[in-house]
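Visitor: I'd like to ask some things about the structure below.
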Amino acid sequence: MDSITQAVLGAGIQGALLGRSQGRKALLYGALLGTLPDMDVLVRYADPVSQMTFHRGFSHSVFVLTALALVLAWLIRKKWPDAPYSGGRLLLTLWLVLVTHPVLDAFTVYGTQLFWPLARIPESWSAVFIIDPVYTVPLVVTVLAAAVVGCTPRARTALAAALVFSTAYLGISLAGRWHAETRVEQALREQGVQPTAVLATPMPFNTLLWRVIAKDGANNYYEAVSGWFDRDRPEMVRLPLHVSQAGVLDGVPLHERLRWFTNDWLRYDELGDRLVVTDLRMGMAGYYTFRFVMAERAADGVWHPVTPYIWPSERGGWAQMKIVLARIVDSATPLPLAQWAERAIQPALAQ
């Protein structure tokens, strides 16, 4: 999630649990500690694939953060042994502030290595967009109110209520993902398609409209859209994965790491003399967030792996956003998926 959300989440937790003793400082301490796991962005890597796949790694591990909470609690109690709260309450607060950061990140589609150093596919529960006002605004309002009036009993109750609401919202969002995936799977089976993998992700800034991608096991995937208020069948378009073009990358460590990180939700396109690998999980048809050049064709026509670099592409603007927002309540006006999808194979856009 975005840094503001992580800050107010940490502030809300520490304010609710230690605000009585620490006052407004609890909000500041919680905000700073709540954003600490994202300090891994300061580590620079040699290529964008590494930059992407090592983010949300060791610093987001529940094992590392639990150990950090123990060390911090011990140091604080040693420095202030007469603080008016128990060591257990302090440890619980620090642990919750730290661990809820990666847990919340895991509710997005990006991929969070909650159990680093175990070699699990990163957790990607895909229930909320990276910025979701419904989740964030109640926390922002209550934290700001507590900062103004102080961590009074009423302010702490409001903080706790906002935390309960935000947690319940995540549960409702998971139900939204299940609803979208179920509708698209059913629509595909009605067409005689047996999907081998399905993934729903929320459209920007809401959990009412969902983008669903599904593989058919035959070197193709479907881009589909489903909303809570839909009365019509999900609109969808069938697109190629071009998996056969990935042969040149067999055994290339960064390619294997990208496959692992994305759970193999990848598409391959030969655009001019470049092989572009696209992470299908983020963005939407024609407006994908992460695209990498991972091989180039030499003058003799032979493809060779290269150090990955970004393939620039548009992510859409207000014009597309207006169409998406209108689609939330009007399923009779489907998104122009086929038209947008054409953008993914136009080299001129990126060059």
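The values are calculated or read from the model by the stated rules, or taken from the named source; none is laboratory data. Keep in mind that this is a model prediction, so the values were computed, not measured. Cβ atoms come from the backbone with ideal geometry, glycine included; neighbour counts cover every protein chain shown. Note: areas computed on protein heavy atoms with side chains; ligands, DNA, RNA excluded. Shrake-Rupley method; radii C 1.70, N 1.55, O 1.52, S 1.80 Å.
Visitor: Which sequence of ARG274, ARG189 reflects their accessible areas, 1.4 Å probe, from the largest down? Please list the in-between numbers first.
Guide: On the way: ARG274 75, ARG189 110 Å².
Greatest to least solvent exposure: ARG189, ARG274.
Visitor: Additional query: Using the Cα centre of region 253-348 as origin and beta-carbon charges of +1 (Lys, Arg) and -1 (Asp, Glu), tell me which of THR278, ALA326, MET294 is placed farthest towards the positive end of the dipole.
Guide: ALA326
Visitor: Have a look at TRP116, TRP80, TRP303 and tell me which one the Gaussian network model of the chain (Cα, springs below 10 Å) gives the largest fluctuation.
Guide: Top of the fluctuation ranking is TRP80.
Visitor: Can you give the extra length, in nm with one decimal, that the chain gains between LEU75 and PHE229 once fully stretched, where that is 0.36 nm per residue apart less the Cα-Cα distance?
Guide: Numbers: separation 154, 0.36 × 154 = 55.44 nm, distance 5.22 nm.
Roughly 50.2 nm would be gained on extension.
Visitor: Once amide H atoms are placed 1.01 Å from N in the peptide plane, what residues at a sequence separation of 5 or more from LEU241, or on another chain, have their amide H within under 5 Å of its amide H?
Guide: Sorted by chain and number, the residues that satisfy this are ASN220, TYR221.
Visitor: Over all pairs of distinct alpha carbons, what does the Kirkwood formula give as the hydrodynamic radius of region 1-141, in Å?
Guide: Values: mean 1/r = 0.0638 Å⁻¹.
So the Kirkwood estimate lands at 15.7 Å.
Visitor: Can you find, among TYR45, PRO117, LEU28, the residue farthest towards the positive end of the dipole of the chain? Put +1 on the C-beta of Lys and Arg, -1 on that of Asp and Glu.
Guide: Of the candidates, LEU28 comes out farthest on the positive side.
Visitor: Which whole-number percent gives the relative contact order of the chain, counting Cα pairs below 8 Å spaced six or more residues apart?
Guide: Details: 640 pairs, mean separation 48.1, N = 351.
This gives 14 percent for the chain.
Visitor: May I pose another question? Can you compute 3J(HN,Hα) from phi for each residue in region 210-223, using the Karplus curve 6.51 cos²θ - 1.76 cosθ + 1.60 with θ = phi - 60°, rounded to whole Hz and x for Gly and Pro?
Guide: My calculation for region 210-223 gives 10, 8, 10, 10, 9, 8, 9, x, 10, 6, 9, 9, 10, 9 Hz in order.
Visitor: What's the long-distance tail for region 237-322, i.e. % of Cα pairs beyond 16 Å? Write out the running numbers ahead of the final one.
Guide: Values: 1923 of 3655 pairs.
Every Cα pair in region 237-322 considered, those over 16 Å come to 53 percent.
Visitor: Name the long-range amide H neighbours of GLY283: under 5 Å, sequence gap of 5 or more, or other chain; modelled H, no Pro or chain starts.
Guide: Hits under the 5 Å cutoff: THR289.
Visitor: Could you state the principal axis extents of the C-alpha atoms in region 122-266, from the largest down, to the nearest angstrom?
Guide: The Cα atoms of region 122-266 stretch 62, 44, 17 Å along their principal axes.
Visitor: Can you give the Rg to Rh ratio for region 6-73, taking only C-alpha atoms and Rh from Kirkwood?
Guide: Values: Rg = 14.4 Å, Rh = 13.2 Å.
In region 6-73, Rg relative to Rh is 1.09.
Visitor: Of all alpha-carbon pairs in region 298-351, indicate the percentage at a distance above 13 angstrom. Walk me through the intermediate numbers first.
Guide: Values: 1038 of 1431 pairs.
So the pairs more than 13 Å apart make up 73 percent of the total in region 298-351.
Visitor: Something else about it: Taking 0.36 nm per residue of separation and subtracting the Cα-Cα distance, what length does fully extending VAL164 through VAL41 add? It would help to have the intermediate numbers written out before the result.
Guide: On the way: separation 123, 0.36 × 123 = 44.28 nm, distance 2.95 nm.
The VAL164-VAL41 span can extend by a further 41.3 nm.
Visitor: ³J(HN,Hα) across region 307-313 via Karplus (A = 6.51, B = -1.76, C = 1.60, θ = phi - 60°), whole Hz, x for Gly/Pro?
Guide: Each residue's phi maps through the Karplus curve to give 4, x, 9, 5, 9, x, 8 Hz.
Visitor: Counting Lys and Arg as +1 and Asp and Glu as -1, each charge on the Cβ, what is the dipole of the chain about the Cα centre in debye, to the nearest 20?
Guide: Numbers: 31 positive and 28 negative charges, 312 e Å.
Rounded to the nearest 20 debye, it is 1500 debye.
Visitor: So, one more: Who wins for biggest fluctuation among ALA246, ALA106, ALA200 in a Gaussian network model of the chain, springs between alpha carbons below 10 Å?
Guide: ALA246
Visitor: Hey, could you pull the Cα Rg and Dmax for region 94-189, both in Å?
Guide: Answer for region 94-189, Rg first and Dmax second: 16.6, 57 Å.
Visitor: If you split all Cα-Cα distances of region 136-209 into 10 Å bins from zero, what percentages do you get per bin, shortest first?
Guide: 18, 31, 22, 16, 10, 4, 0
Visitor: For ILE131, what residues show an amide H to amide H distance below 5 Å, using hydrogens built from the backbone and excluding near sequence neighbours?
Guide: Hits under the 5 Å cutoff: PHE205.
Visitor: Another question, then. Using only the Cα atoms of the chain, construct the convex hull and provide its projected area averaged over every direction, in square nanometres to one decimal.
Guide: Values: hull surface 78.4 nm².
If I average the Cα hull's projected area over directions, I get 19.6 nm².
Visitor: Assigning unit charges at the beta carbon (Lys, Arg +1; Asp, Glu -1) and nothing else, what dipole magnitude in debye, to the nearest 20, does region 149-205 show about its Cα centre?
Guide: Numbers: 5 positive and 3 negative charges, 67 e Å.
That gives region 149-205 a dipole magnitude of about 320 debye.
Visitor: Moving on to the next point. Going by accessible area, probe 1.4 Å, with all protein chains left in place, what is the ranking of ARG257, ARG89, largest first? Please report the intermediate quantities before stating the final value.
Guide: Values: ARG257 55, ARG89 110 Å².
Per-residue accessible area, sorted high to low, gives ARG89, ARG257.
Visitor: If a helix is a whole DSSP H run, which ones in the chain reach 15 Å or further along their own axis (Cα) and hold a mean Kyte-Doolittle hydropathy of at least -1.0? Don't jump to the answer; show the numbers that get you there.
Guide: Numbers: long enough: 3-22 (26 Å, 0.55); 25-35 (16 Å, 1.10); 62-79 (25 Å, 1.69); 87-106 (29 Å, 1.25); 133-149 (24 Å, 2.15); 153-190 (56 Å, 0.08); 318-329 (18 Å, 1.16).
What comes out of the filter, once short or polar helices are dropped, is 3-22, 25-35, 62-79, 87-106, 133-149, 153-190, 318-329.
Visitor: Report the gain in length on full extension from ASN220 to GLU296: 0.36 nm times residue separation, minus Cα-Cα distance, nm rounded to one decimal.
Guide: Details: separation 76, 0.36 × 76 = 27.36 nm, distance 2.33 nm.
In short, 25.0 nm is gained.
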